[in-house]
Every structure is written in C-alpha cells, then in structure tokens.
Amino acid sequence: MYKFLILVLFSSLVFSQEKPKYKMPIFPGCEKFETNDELRKCLQESISFFSQSYFKSNKNIIEYFQFPSFKENASFLVDTKGKLIYKKTSNNSDMFALVAADLFRVLNVFLENSNLTVQPAKTESGPAGLNFSLPINYLPDSQIYLNDSLNPIRFTLNSNQKFTVRQTKDFKFLVYNQNNELVETLNTFVDLVTNPLILESVSANKNVIVDKTIDDENLRIEIENLFNSISKPFNIMVYKDNVLVEEFLSMDDFMSSDFSKHIY
C-alpha cells in the first residue's frame, strides 16, 4: 500500500554550542576512527542504517494504520551518558514527534540490550552533550481520507468479552467494551502493541479487524503478521459464516477491494 522513501541523511550536524576543542561522540563500531570528520561520517551511517531498519521493521503497522507523510528534522541530543534523546521542536508535527521519539527509544533499548554504549562527546573539561539534526522523509504511495465524524474501527478483540478499537485522526486508539463504553485510551501504536488487553486478546499472530453481521451473514476479516517485521508480510483473510471466501497478500490489494470498506 505504501512505498517507502526514507532518506535518513546528515546533510549537516548541528551543535548547540561549538567548542574550540571537542571530540565527536563515538557510536559503537566507530572506534577505529580518530578524526571528527571520520567519527561524524560513521555516526551518520550507523544511525541512518538503524533508522531505515526501524521503518522497515514496522512496515506492516505503518501501512495498516496509514501514517501520514512527513518531511521533517528530528533534533536529538547525545547526552553526557551517551543516550540519544529526541527533542521535539515547534516545527515538528505531533505525528512525526510520536514516531521520532519511538525511533530513538528503540535505538537506546537496542544498544542497551546489546551491551553497547555510545561514548559521549568530549571537551577539554570532560564529557559534553551535543545536539544533532536528523532529516527524515516518508512518502506514502496513497492514502485513504477518513470521514471527519468517524473514527475507523481497527480491531475487534475477543477475550473474555468483546472489545472494539478505534483509531482517531490524531493517532490515538480508543478501546470500547461490548456496551460501547470507552475503557481505555492509548496514545501511540507503541502503547497499543504493548497493552495487556491487546496482548491478551491477540493470539497466533492473527488479529480480527472486522467481526460483524451484514445481510444476515457473519463477516470476519483477519489480518496475519500485522505486528511482525517486513520479513513476514500481510495475509488478510475474509470469512463469511466461517467459510474462507477471499485472501489478500498485500494491503494494496485489500484496500482496493470492496471488503476494505468494512473496517470503517
């Protein structure tokens, strides 16, 4: 459904205060380099690679939940302990800020779990924090424009009772019980996929996205591998009265079909 144009480039590295003498932060794997230019280039390539990997590994989620396009700069700090901290600016949209904050959160978790540490910048007086700017472009190939008055249904979850998860335009997720009472509000897709209610209700890598009666027939649509990486693409199955009637191997094919209207 989407084509990715992820250009994660350091056209420039922006410092909050340039010191007369400093040494660039050293990203894991860049230890063999000595000059600031070499360290800057290695940092550029390392974070660029990770950023692209982040978007690829979340491709299924990004496609299904229809991320808007963005072309913005992610400002971040490499602090005195070597942590990478995203800093939202007035030019950043709320949606971009959610994605950028999670990207750097995941990067820090990856480094920590791999027992890797970024060596902070150094000045004559010791470790120093430096600010950088990371341009990120994301272009969806196509988008579905939602009715302003309707938050689309994204999931019908079944555990000990039935829940419906709706997605708002500002990318929040509203969880309703079978009495149509709002029981939970989740602010990001990270909150969604780690929520105990979601984890309890979703099994075997299949998510029920539609479960309703239409013209006296039960229509159930399941999506497989939504929360898995790009190595496991979508598989969308349509059942009528528990009989498989259609199967789609891409979001593009599914969204082009008549069945897609039932998720709204």
(request) Ignoring everything but the protein chains, give the 1.4 Å probe accessible area of VAL118 in square angstrom, nearest 10. (result) 10 Å²
(request) Scan around VAL210 for amide H atoms under 5 Å from its own, H built in the peptide plane at 1.01 Å from N, and keep only partners 5 or more places away or cross-chain. (result) THR156, ILE221
(request) Scan around ILE26 for amide H atoms under 5 Å from its own, H built in the peptide plane at 1.01 Å from N, and keep only partners 5 or more places away or cross-chain. (result) GLN119
(request) Could you pull out every residue, at least 5 positions away or on a different chain, whose amide H is within less than 5 Å of the one on ALA74? Hs are placed 1.01 Å off N in the peptide plane, and Pro or chain starts have none. (result) LEU134, ILE136
(message) Placing unit charges on C-beta atoms (Lys and Arg positive, Asp and Glu negative, everything else neutral), compute the dipole magnitude of region 36-125 about its Cα centre in debye, rounded to 20.
(response) 60 debye
(message) Students often forget the sequence filter, so: which lysines lie under 19 Å Cα-Cα from LYS261 once same-chain residues fewer than 8 apart are removed?
(response) LYS169, LYS212, LYS240
(request) Express in Å², to the nearest 10, the accessible area of GLU31 obtained by rolling a 1.4 Å probe over the protein heavy atoms while all chains stay in place. (result) 100 Å²
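Once you've got the Cα coordinates, tell me which of LYS41/LYS122; LYS23/LYS71; LYS23/LYS88; LYS32/LYS122; LYS32/LYS83; LYS32/LYS88 are over 23 Å apart. Please report the intermediate quantities before stating the final value.
On the way: LYS41/LYS122 17 Å; LYS23/LYS71 30 Å; LYS23/LYS88 25 Å; LYS32/LYS122 17 Å; LYS32/LYS83 21 Å; LYS32/LYS88 32 Å.
The pairs that break the limit, which is 23 Å between Cα atoms, are LYS23/LYS71; LYS23/LYS88; LYS32/LYS88.
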(message) As an exercise, identify the trypsin sites (Lys or Arg not before Pro) in region 57-112 lying in DSSP coil whose Cβ has no more than 12 other Cβ atoms within 10 Å.
(response) LYS81
(message) At 1.4 Å probe size, what's the solvent-accessible area of ILE153? Round to the nearest 10 Å².
(response) 30 Å²
(request) Could you run the Karplus curve 6.51 cos²θ - 1.76 cosθ + 1.60 with θ = phi - 60° over region 236-245 and give me ³J(HN,Hα) per residue in whole Hz, x for Gly and Pro? (result) 10, 10, 10, 10, 10, 6, 6, 10, 5, 10
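The values are calculated or read from the model by the stated rules, or taken from the named source; none is laboratory data. It should be emphasised that the depicted structure is a prediction, and the values quoted were computed from it without experimental measurement. All Cβ positions, glycine included, derive from the backbone under ideal geometry; neighbour counts span all protein chains shown. Note: areas computed on protein heavy atoms with side chains; ligands, DNA, RNA excluded. Shrake-Rupley method; radii C 1.70, N 1.55, O 1.52, S 1.80 Å.
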